[in-house]
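Encoded as structure tokens, the structure appears first; notes follow it.
Bear in mind that the values in this text are calculations on the coordinates, not laboratory data. Bear in mind that the values here come from a model prediction, so they are computed numbers and not experimental data. Positions of Cβ are backbone-derived with ideal geometry, glycine not excepted, and every protein chain shown enters the neighbour counts.
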């Protein structure tokens, strides 16, 4: 492995005011008693991780996500930040992100977070219209999103992301375009626009299954995606990943660690880590998470070795999500041989079909390739054609 200790830290805060109808992430209704128990467990997990590392890890990026981190009190959030500062070294220029629901922030809370060193705010707006917000089960209004951005600017945030979701049942193309324009008017440095995934077992999936809601038609979905690209690019928010857009220099450095298949440490219930050649996932249940830590053990629920073949595939798969594409020289340095030697003939075949192209030292999807990205990625799945 070309990386040893990760320089990216993710902390999962597993609480929400109310779970959204489409969400299958690990989260629980906020109760102060549970939050206190979580914080005690998080402190113990950090202590155990630091002890195993034998030194304070240096971090280039920190991301506090959830759940809804900002449903915690300001004091609790500052406690988490203090733990990070106590047990880790934040490198100069660190990107420090916290996720927030627009309905759970105030000027005072945002100002306290900014003073504590948080320098990037990721707002889960998801939609602008009241009807789509209701369909998603969100607790806030677009007016609260506008207020949250204004307060964030007043608090000193110069790097704001707005999360959006499209392909929502009942959402029209016109409504989506209007929402994009409304978000552009807020002048964020970054926008994430994800197609809705209907996850089995969620209330939204049940509504679709029983006919209460109808899925977006395929042509409309494709138009929505292209509208996002056109409107956001026109506003200077350059697409740098399939679902992410940013002003120059404001790309999310933490997520780029994932897309470059780098090492990262995850703390908190259900958090995942990738360290050296191991991938681990923490206990998702708050009770089990806390109980294991009380016994002085790390709360790892499962661990797997990342084989060289899987490592190569994931590096290619994630790299092709980036509009710049897979860095071929970076790949060669990491794995000791060029991509073409690992996948004999695959790149040539895909470029001849105009699904992939080589630009400079990067391999990337063409416009045609993006439309059939899953089929292109399937060519790199480990199998008999891979040269081991």
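Tabulated values for the structure
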read-out: Two-site label geometry, residue 340 and residue 40: point separation in nm, points 7 Å out along Cα→Cβ; value: 6.1
read-out: Extension gain, residue 177 back to residue 230 (0.36 nm per residue minus Cα-Cα distance, nm); value: 18.1 nm
read-out: Percent of beta bridges antiparallel (DSSP, the chain, rounded to nearest 5); value: 40
read-out: Rg/Rg_ref, region 325-378, where Rg_ref = 2.2 N^0.38 Å and atoms are Cα; value: 1.09
read-out: Translational diffusion of region 8-259, µm² s⁻¹ [Kirkwood Rh, Cα pairs; Stokes-Einstein; 25 °C; 0.890 mPa s]; value: 129
read-out: Chain lengthening between residue 56 and residue 361 when straightened (0.36 nm per residue, less Cα-Cα); value: 106.2 nm
read-out: In range of the label at residue 373: residues from region 303-334 whose backbone nitrogen is under 14 Å from the point 7 Å along Cα→Cβ; value: 316-326
read-out: Ranking of 283, 181 by count of other Cβ atoms within 10 Å, fewest first; value: 181, 283
read-out: Span from the region 148-162 Cα centroid across to the region 1-78 one, whole angstrom; value: 22
read-out: Burial ordering of 187, 55, fewest other beta-carbon atoms within 10 Å first; value: 55, 187
read-out: Alpha-carbon centroids, region 361-383 and region 203-228: separation in whole Å; value: 25
read-out: Extension gain, residue 139 back to residue 300 (0.36 nm per residue minus Cα-Cα distance, nm); value: 54.7 nm
read-out: Computed label-point distance, nm, for sites residue 253 and residue 354 using a 7 Å Cα→Cβ extension; value: 4.0
read-out: Calculated [θ] (222 nm, deg cm²/dmol) that DSSP helices of n ≥ 4 give over the chain, each run adding -39,500 (n - 2.57); value: -12000 deg cm²/dmol
read-out: Listed residues 212, 144, 197, most fluctuating in the chain (Gaussian network, C-alpha, under 10 Å); value: 212
read-out: Expected-Rg normalisation [2.2 N^0.38 Å, Cα atoms] applied to region 117-231; value: 1.11
read-out: Region 233-385 - Rg (one decimal) and Dmax (whole number), Cα, Å; value: 18.3, 58
read-out: Cα shape, region 32-118, gyration tensor, a/c 1.5 rule; value: oblate
read-out: Per-residue Cβ neighbour rank within 10 angstrom, fewest leading, 120, 321, 330; value: 330, 321, 120
read-out: Tensor-based shape of region 270-323 (alpha-carbon gyration tensor, a/c under 1.5 rounded, otherwise prolate or oblate); value: prolate
